[in-house]
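Worksheet for the structure shown next.
The values are calculated or read from the model by the stated rules, or taken from the named source; none is laboratory data. Everything numeric in this text was worked out from a predicted model, so none of it was measured. Here the Cβ positions follow ideal geometry from the backbone for every residue, glycine too, while neighbour counts run over all protein chains shown. Please note that ligands, DNA and RNA were not included when accessible areas were found on the heavy atoms of the full protein model with its side chains. Shrake-Rupley method; radii C 1.70, N 1.55, O 1.52, S 1.80 Å.
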Amino acid sequence: MNYIVKNTYLLTIENLSKDATGQASCGNKLFSVHGALPGELVRVKTFRKKLNTYQASLMNILRQSTVRVNPHCLHFNICSGCNLQHMPYGFQLNFKLNSLKNLIKEAALDFDRAISVIKEEQVGYRLKARLAMKWVTKKEKVVIGFRERGSGYITDSSTCSVLHERLQKIVFKLPALVEQTSVKNAAPQIEVVTDERIVAIILRHLKPLTSDDLTKLLAFCQEFEVDIYLQNGGPETVSKIGEVTQMYYEVAGCQLKFSPNSFIQVNRDINNRMVNIVLEEMNLNPEDCVIDFFCGLGNFSIPLAKHAKKVLGIEFDSDMVKLANENAANNKCRNATFIKSDLYKSEIGLDSICLSDYNKIILDPPRSGAAVLISQLNLEAASLLIYVSCNASTLMNDAKILICKYGYEISNVFLLDMFPQTIHFETIMVFKK
Ligand SMILES: C[S@@+](CC[C@H](N)C(=O)[O-])C[C@H]1O[C@@H](n2cnc3c(N)ncnc32)[C@H](O)[C@@H]1O
């Protein structure tokens, strides 16, 4: 990354990059401009050179694209949380669909059928968010928000339209609360989560809180009906203060409990659609045995267990394994069991499990994919494998391994718009042999 002299340029935007910035060239220089659309004539100011491309911010638009819409968030130009708010929703979906199709083409995967696009609410969908916080002496206040685009600063936010409305009501009251405490300049992060009944917050603090701080936090909780947790170190240090209520969400007729620091799919409606698609594609009969790799708290395993002979969920986080076992019991799924294992280890150590007993597989790894797992284990016995991915690039790499190593064919692909207004999406790829 090079730091550069800031210059202004007049550019015609030629196309959109993979991360939805407008791309343009001028002489032998390449530019990437957040918030600019193809066909637009724009004045920009460069702020950084990354690889061979100048990153530039939009100063004004001299000729506007006919598809441009007004971003609904007033922080869109600086906040890195969303990148697509200047596009109509249909345009956003097309952008994501084309990205997925291009990746499939670049990976030379054999799939030329239509990809189903699944969409729900465009705003107010996010049930969980981690926001940065900082006391800014110059502003004499605590600021809260996602990071600014292209800088380490925190966007001084007063609104965020993708957050669930219950979270929107609480989040922007938090800076004033933290300002009243002794940790106002030692509280770098806050997590907010809702199950649509309860809101919980996890306050990360770098210094101990005083009893006066605790009184203020508890008074806030009472006034706004919020559960509060503190975190003074890694995730294992999260602890509640005062009374808290158990959080639950519903999916495919099951009720799953979770903790504020558990992984949950952030978009409830899309998650429901996603789990139902998996159920339909699995087409389970009472003899089927399923492994759910990266199972979390049982989001797929428990609905699947209702239709299968047995389901085994495998997950790294022991708190999630504990929750998954409790969720299985609460939903009367005696045929679902969960075990802890690190599926990224070079020696996965699942020797005690007879993989050939399992004829159907689901895997839903983190962004880095599942190459280690699928290269190491023998998944030969599975006639059907459903891969759920939040990163289509790693999915393509893993798809190539699945096809070459096991002879699978891709039978169906779905794009789920789990994160409207951003470039991110979820993909379901169904492999059969
Ligand atoms: C994308 S989430 C999916 C969770 C679940 N399938 C769901 O739908 O809620 C990925 C899961 O992988 C787990 N995970 C991360 N690293 C892991 C590892 N090395 N081994 C096993 N599981 C891991 C995370 O704790 C998380 O629960």
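Quick notes
- Pairwise centroid distance, computed over Cα atoms, of segment 227-290 with segment 105-125, Å: 24
- Spin-label model, Lys345/Arg113: points 7 Å from Cα along the beta carbon direction are separated by 3.8 nm.
- Over all pairs of different C-alpha atoms in segment 343-426, the reciprocal of the mean inverse distance, the Kirkwood hydrodynamic radius, equals 13.9 Å.
- Phi to ³J(HN,Hα) by Karplus 6.51 cos²θ - 1.76 cosθ + 1.60 over segment 249-264, Hz, x for Gly, Pro: 9, 9, 8, 6, x, 10, 10, 10, 8, 8, 10, x, 9, 6, 6, 9
- 15 Å beta-carbon shell around Phe146, net charge (K/R +1, D/E -1): +3
- Between Ser356 and Asn232, the FRET efficiency estimated from the beta carbon spacing at R0 = 41 angstrom works out to 0.30.
- Within the accessible area of the chain (1.4 Å probe), percent carbon and sulfur: 49
- Label-point gap, in nm, between Thr12 and Glu280 - each point 7 angstrom along Cα→Cβ: 4.4
- With the helix formula -39500 (n - 2.57) applied to DSSP H stretches of n ≥ 4, the chain reaches a computed 222 nm mean residue ellipticity of -7000 deg cm²/dmol.
- Length gained on full extension, Val69 to Thr215, computed as 0.36 nm times the residue gap minus the Cα-Cα distance: 48.0 nm.
- Net charge dipole size for segment 1-68 [Lys, Arg +1 and Asp, Glu -1 on Cβ; Debye, nearest 20]: 220
- For the chain, the fraction of C-alpha pairs farther apart than 26 angstrom is 62 percent.
- Each residue of segment 415-428 was assigned a 3J(HN,Hα) from its phi angle through the Karplus expression (A = 6.51, B = -1.76, C = 1.60, θ = phi - 60°), giving 10, 10, 7, 6, 10, x, 6, 10, 7, 7, 7, 9, 10, 10 Hz with x at Gly and Pro.
- Estimated D of segment 1-68 in µm² per second, where Rh is the Kirkwood radius over Cα pairs and Stokes-Einstein applies at 37 °C, 0.692 mPa s: 282
- Farthest toward the positive end of the dipole of the chain, out of Ala305, Cys221, Val123, is the Cα of Val123, where the dipole comes from beta carbon charges about the Cα centre.
- Amide H within-cut-off set for Tyr54, under 5 Å, with H built and near neighbours excluded: Leu30, Phe31, Ser32
- When His307, His164 are compared by accessible surface with a 1.4 Å probe, the order from highest to lowest is His307, His164.
- Neighbour net charge for Glu287 - beta-carbon separation under 13 angstrom, K R +1, D E -1: +1
- Each residue of segment 11-27 is assigned a 3J(HN,Hα), and the resulting list reads 10, 9, 6, 9, 7, 9, 7, 4, 9, 6, 7, x, 10, 8, 10, 8, x Hz, derived from the Karplus form 6.51 cos²θ - 1.76 cosθ + 1.60 (θ = phi - 60°), x at Gly and Pro.
- Environment charge at Ser341 (Cβ cut-off 14 Å; Lys +1, Arg +1, Asp -1, Glu -1): -4
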